[in-house]
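> Below is the structure I would like to discuss, written out as structure tokens.
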Amino acid sequence: MSPSDLVIRLAIAATATWQIVEIWQHSALMAPWRQRVELWRNRLGELLRCPFCLSVWVAWLCCALLLVEPTEPSWQSALAVARGVLYGLAVSRLANLGNDLFYSYSRTPRFNR
């Protein structure tokens, strides 16, 4: 893997990590699961409640999926699917960031009729 490929994969891992943690911490879809986790009084519950703590472990997983090449050919298709999911999450985070940064310039004006 070339140094530029490594940098690109790490950037993808970072943005995918950011998006995964954001979805877990702020998504209405995850609210019921977060409520259940609030009741857990153990290390796993602490990990899932703390965005900083969670981001470390999610980042490890993302890096492993993007940087490790499987030695078994049977794992290649599963890894390709997992990487596709991470790429999609990274693109989604960048799109959200772009929307936040350029919202006042790019929103469609609404007219009262």
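Just so it is clear, none of the values below were taken in a lab; they were calculated from the coordinates. These numbers were taken from a predicted model, which means no experiment stands behind them. For neighbour counting, all protein chains shown are included, and Cβ atoms are generated from backbone atoms with ideal geometry for every residue, glycine included.
> Which is the longest stretch in the chain that no exposed loop site breaks, taking sites as chymotrypsin sites (Phe, Trp or Tyr not before Pro) with a DSSP loop state and at most 16 other Cβ atoms within 10 Å?
Between exposed loop sites, the widest span is 41-110.
> Name the trypsin sites (Lys or Arg not before Pro) in segment 1-91 that are in a loop by DSSP and that have at most 14 other C-beta atoms within 10 Å, would you?
R41
> At a 4.7 angstrom Cβ threshold, list every cysteine in the chain that has nobody to pair with, or say none.
Flagged as lacking a Cys partner: C62, C63.
> Explain nothing, just the number: relative contact order of segment 3-106, from Cα pairs under 8 Å at least 6 residues apart, as a whole percent.
Relative contact order comes out at 42 percent.
> I would also like to ask the following. Rg over Rh of segment 18-113, using C-alpha atoms and the Kirkwood radius, what does it come to?
1.11
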